């Protein structure tokens, strides 16, 4: 190897310039994957915080959760002080049925979730359920917290 000439008769400088002249044909996806993983973690942490609702003390039960739907569920809340809320908007009792009929006309599903504070009387909950039925919602799910007492066969 004398004078910068390699065994094949090719110069060392030419070989390097050819390699640098070619465009890179590979896509580096590592930064894309990194960004997507960070976004996934952010959304997983933020999703539970996006639940809108009025703080109510739900009664506890041993029932399992209902399967989820594609459409955002309609939630009716009866607060401890007797206020009735559709999603997060307070609604007077006299306007409840008319608002429910308007909402039912726009929705594909007749499923509604009823959240009632444990301090609310059974009579008030039944009145709201009657209003839901009159408003066009016949598929009513009662929302509770898990981990409550169970009724066993032994009577204890």
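Read-outs: derived from the displayed coordinates by stated rules, not from any lab. Just so it is clear, the structure is predicted and the values come from calculations on it, not from any experiment. As a convention, Cβ positions derive from the backbone with ideal geometry for all residues, glycine included, and neighbour counts pool all protein chains shown.
Brief remarks follow.
- For region 53-146, the square roots a ≥ b ≥ c of the C-alpha gyration tensor eigenvalues yield an a/c of 1.5 or more together with a/b not exceeding b/c, which makes the shape oblate.
- Applying 0.36 nm per residue to the separation of residue 87 and residue 33 and subtracting their alpha-carbon distance, the gain on full extension is 15.8 nm.
- Extension gain from residue 24 to residue 134, taking 0.36 nm per residue of separation minus the Cα-Cα distance: 32.9 nm
- Whether region 73-112 is rounded, prolate or oblate, judged on the alpha carbon gyration tensor where a/c under 1.5 counts as rounded: oblate
- Overall form of region 95-156 per C-alpha gyration tensor (a/c, 1.5; a/b vs b/c): prolate
- Calculated FRET efficiency, residue 109 to residue 62, Cβ-Cβ distance, R0 = 35 Å: about 0.85 to the nearest 0.05.
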